Each structure stands twice: as structure tokens, then as C-alpha cells.
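Trainee: Dropping a structure here in C-alpha cells format, bear with me for questions.
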Amino acid sequence: MASAAPPSPSPRVAVIGGGIAGMSAARALVGSGVHATVLDLGERVGGRVADRTQALDGGRLLSFDRGAQFLTVSSPDFKAQLAEWQAAGVAQEWRARHGMLTAGGTFVPAAAAAGTSGAGFCGSLSGQPLYVGVPTNQALVQHMADSLAAQAAAQQQEQQQADPQADPQQQAPAFELLSGCAVQSAERVGGGCGCGPGGARWRLRGSRRGRAAAADPAAAGQQEDLGSYDAVVLADGMPLLPGSAGHVAGLEAVSTSLAQLARSVQAVAPEPCFALMLSFDAPLEGLPFDAAVAQGIGSSSGPGSGGGGAGAASPAFQWVACDSSKPGRPAGAGAPQCWVALTTPDRAARLLQAHPLTRADGRFNPQTREYRQAVAAELLADFEALMRPFLPGGTLPRPAYTHAQRWGRAFVTEPLGAEFLFLPAQRLALCGDVATGSGVEAAWRGGRAAGAAVASMLRSEAAN
């Protein structure tokens, strides 16, 4: 075991994962006087609240929400968070013509469909208003990160003014964001019971090359020290999943309880999903909807489709939306019309048989350009089959742009059943959809609760 790391002058917590849950945990920590460092695999924060923008010739811009499509609000505390986003201009209500598409080729508005098919995709048929981020949903998470950075800077400036001779690095709780950072290994360093500043701490190692490092077999030999921390918050289950892009080696070996937690996470079986992104030079005319739950509309025949035709029992998509109908998106004369369609778990599973998550050697299979093109070609045929009954003449124009995104762990339908899980002796908390299930509000609440629990533990130690 490595020698003990020197104790930090103020508590430091690593938050692995920069999505809604991770940023919510970081906010709770910083608000309690704890230094929070968020380490995220992506080049930009967001996690599953992800977007894709693509610049075209002539200055035109394509904009897609390739992850979370919208959010709903059910609790007063999350309503307050939404109000903050709205006041900052990064969230608006999406007044879409939305509802349900049936296998018979009809569109049922949400008001008429409510109660006939459950709450619909992510609560879209629940009767609650739908909200989106502006200019994309990723702006919600970016606002949280920017607010944390501004808060930490203001706190540090106040303390510098109060004591100009003090070391700025030791004056105030701080926030740090390390994007494009692949945490690849973790170990406990130091002795003792792990209580107080002189006890065991977490030392993280990895690469600042993000997803490229996670997929590179040589990356393990290029690790760097990512710092030592008094506690760790896992804002996603991937660090405990061998073979995933976000796996952190060494976590399971720390203790029996952590090994048990890892086994529990590995037993959760999230459903996969592919997002198809399309743009058209001219709007699709005559459609009665902007967004809809696809109900029982099958995939076209072709590789990986299982041979089902349109109207088959196995539907291709669970959700389809015109992203250009969302507020704050590029619109107006000459603006391309952008669409996103999310596959059903069954369709995604069949695609993964032909385009797997892992290579033959068991390593993570990155989404290369060729990989995405092959998947997009198959899903375009499915999209045409879905839209044909609603298009004048039954013909889909040729899209000007196509792209596909694989989500290997998209929807958790049977989570661990808690807002977060906490191992105080190991100074580690787990939150995110593996704990709470899918949904922006659930992730936000779980992250906040995890951050508050870790901060409470550290405050108690400091008091003793």
C-alpha cells in the first residue's frame, strides 16, 4: 500500500461523474463548506443530459438533445431548482403538440392518451408540463457547474479580503471541474479507521484524455495522479462495472462492503438505447405532432432488425421528437429541422448483437465513425417506417444529416431503490440512476442527498 498522503487543510471530496446527480452532489458539498472536485469522462458536463451540435456550411447550426429529452417536476424542492434555471434563462416550458402514435397510423394527443397507456415515455403522458433546457438540455447541467465555480470564486475572494496574508488555496471551500478525465484506479492510503483528517483517504489515478483513455489498452501505463480525497461520491454505477468505459479499478478490493455494493450494482440491468439524430433541409409538412410516444409500431426488415415489418409486434422506437420545436433551438426561414428518435430496449438489444458494446477481447468498443454510420443506416429505415403513415404521400425526404448515439446503460427500470447508498467506513457514497431509477428529478434529488450525507459526516469528524 502507498504511504500516507498528507492531510488536507479542509475536507476534499471527489465526485466521479458530471451529470445532474454529480453536480447536485457537488452543490450540496460546496454549500456545506467542503471542497468538491468533479471528475467527468466527457469533454463537457452533462452525463445523460447530453446534446449534440453540428455546424453546417453557411453558418447553419444543428442542435439535438441526444440524451434526456425533457424534464417534469413533482416536488417543491425541485420546483425551486427549475425556477432558478428559468430565472437564469436556461429552462423553458416546451409547449409541444405531443401524445401517442398508434400502430394503426393515428396520433392521439396527450390529453386523450393520458391514462390509456400509463404515464408514457418518462412521464410524457402524465399531464404534467414538459420543460427543456435552453439552448439545449445540457445547459441545465452547465449552469450548475458555472454557478458552483462562481460561488467558490466569490467565497475565496471574500476570505482573501478578510485575511490578505493567508494562503488562498486554504481559505475557502472550492469547486474544481476536471472534464475529459478518465478515473481509472482508486486506492485507500494512510492508516487509522478513516475518521478525521489523519485517517485513510482516497487516492485517484487516471488520464486527462477522457473516453480515448478509457478505450485505449495502453492508457493504464499513462496514468497520472488525480489527487487525494477525504471521501468519494460515485454519481453513476459505471465505476463499479468492469468492462465499462467508466470502470475504476481497485474499488471492489477495498473492503467486503464495497465488494458487496459492486455486486449489487452489477446485478442492476439497465436497458440499452440508441438515439437517431436526423436533420432535413425543409420541415416535414403535414405532421399532427411535434413529439410522441411510439406505441406498437414495428421496425423495418434489415440487418439487426429481427425481420419485423412495420406494424410488427416489436416496435423500433419508444419516443420521437422534433427538437426544432423546442424553445431556444435554431428556427426560422432556412433553418434545418432536427429530429431525435430513441429506440426501444428490444430494438437496441438487437442492434447490439450486430454492433456490440465490447470487443472480442472484452474491452470497451468505442463508437467510431463507421460504427455510428452503420447503426444510423439501419435506424433510418425504422424511422421511415414509423413516419410513413403520417407523411403526405407516405414518403420521407432524404435527410441532410444522420448520426447515431449508443447508450449502453440508458434506462434503469429496477434500481437499488434508495436516493443514495452510503458506506461511511469507506467514506464513499453512490447516487445516480442505478440507485433511484431514470429521470432528471430523481438524479438531482439523489445527488443532493448523497452530497449532504458526506458533508454531514465530514462536519461531524471536524467537530470531534
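Trainee: What's the number of the condition Thr402 fails, among (1) under 24 Å from the mean Cα position of the chain (by Cα); (2) outside any strand (DSSP E or B)?
Mentor: (2)
Trainee: Counting only residues that are touching a helix residue (DSSP H, G or I) at 6+ places or on another chain (Cβ under 7 Å), in a loop (DSSP other than H, G, I, E, B) and at pLDDT 85 or above, how many does region 313-328 have?
Mentor: The qualifying residues number 1.
Trainee: Of Pro135, Pro109, which residue is out of contact with any helix residue (DSSP H, G or I) (no Cβ under 9 Å at 6 or more places or on another chain), modelled with pLDDT of 95 or more and surrounded by fewer than 23 Cβ atoms within 10 Å (Cβ to Cβ)?
Mentor: Selected residue: Pro135, the only one of Pro135, Pro109 that is out of contact with any helix residue (DSSP H, G or I) (no Cβ under 9 Å at 6 or more places or on another chain), modelled with pLDDT of 95 or more and surrounded by fewer than 23 Cβ atoms within 10 Å (Cβ to Cβ).
Trainee: Run Ala360 past the list (1) surrounded by fewer than 16 Cβ atoms within 10 Å (Cβ to Cβ); (2) hydrophobic (A, V, I, L, M, F, W, C); (3) touching a residue at least 60 places away in the same chain (Cβ under 8 Å) and report the number of the one that doesn't hold.
Mentor: (3)
Trainee: Still on this structure: Search region 440-458 for residues that are under 15 Å from Asp230 (Cα atoms) and pair each with any residue that is polar (S, T, N, Q) and part of a helix (DSSP H, G or I) when their beta-carbon atoms are under 8 Å apart and the residues are at least 6 apart or on different chains.
Mentor: Filtered contacts from region 440-458: Gly451/Ser24.
Trainee: May I ask you to say which residue of Phe420, Phe383 is over 30 Å from Gly286 (Cα atoms) and aromatic (Phe, Trp, Tyr)?
Mentor: Unique residue meeting the criteria: Phe420.
Trainee: Hey, among Arg459, Arg398, Arg448, Arg427, which residue is in contact with a strand residue (DSSP E or B) (Cβ under 8 Å, 6 or more places away or on another chain) and either charged (D, E, K, R) or over 30 Å from Arg359 (Cα atoms) (or both)?
Mentor: Residue meeting the stated conditions: Arg427.
Trainee: Restricting the search to region 32-78, which residues are small (Gly, Ala, Ser) and in contact (Cβ under 8 Å) with a residue 24 or more places away in the chain?
Mentor: Ser32, Gly33, Ala36, Gly42, Gly46, Gly47, Ala50, Ser63, Gly67, Ala68, Ser74, Ser75
Trainee: Could you say whether any residue in region 341-357 is assigned by TED's automatic domain parsing to the domain that holds Gln318, surrounded by fewer than 17 Cβ atoms within 10 Å (Cβ to Cβ) and part of a loop (DSSP other than H, G, I, E, B)?
Mentor: yes
Trainee: Could you name every one of the strands (runs of 3 or more DSSP E) located completely within region 8-124 that has at least 3 residues being closer than 30 Å to Val248 by Cα?
Mentor: 12-16, 35-39, 51-55
Trainee: Could you tell me how many of the residues in region 406-428 are touching a Gly at 6+ places or on another chain (Cβ under 8 Å), outside any loop (DSSP other than H, G, I, E, B) and surrounded by 18 or more Cβ atoms within 10 Å (Cβ to Cβ)?
Mentor: 3
Trainee: While we're here: Listed residues Ala145, Ala88, Ala149; which is hydrophobic (A, V, I, L, M, F, W, C), surrounded by 16 or more Cβ atoms within 10 Å (Cβ to Cβ) and touching a residue at least 12 places away in the same chain (Cβ under 8 Å)?
Mentor: Selected residue: Ala145, the only one of Ala145, Ala88, Ala149 that is hydrophobic (A, V, I, L, M, F, W, C), surrounded by 16 or more Cβ atoms within 10 Å (Cβ to Cβ) and touching a residue at least 12 places away in the same chain (Cβ under 8 Å).
Trainee: Tell me, which strands (runs of 3 or more DSSP E) lie completely within region 214-312 with 1 or more residues that are surrounded by fewer than 20 Cβ atoms within 10 Å (Cβ to Cβ) and at pLDDT 85 or above?
Mentor: 224-229, 271-280
Trainee: Of all the residues that make up region 363-388, how many are at pLDDT 90 or above, surrounded by fewer than 20 Cβ atoms within 10 Å (Cβ to Cβ) and not hydrophobic (A, V, I, L, M, F, W, C)?
Mentor: 9
Trainee: I would also like to ask the following. Kindly provide the set of residues from region 329-340 that are surrounded by fewer than 21 Cβ atoms within 10 Å (Cβ to Cβ) and either aromatic (Phe, Trp, Tyr) or modelled with pLDDT of 95 or more (or both), ordered by number.
Mentor: Within region 329-340, no residue meets the criteria.
The values are calculated or read from the model by the stated rules, or taken from the named source; none is laboratory data. No experiment lies behind these values; they were computed from the predicted model shown. Please note: Cβ atoms are built from the backbone with ideal geometry, for glycine as well, and neighbour counts cover all protein chains shown.
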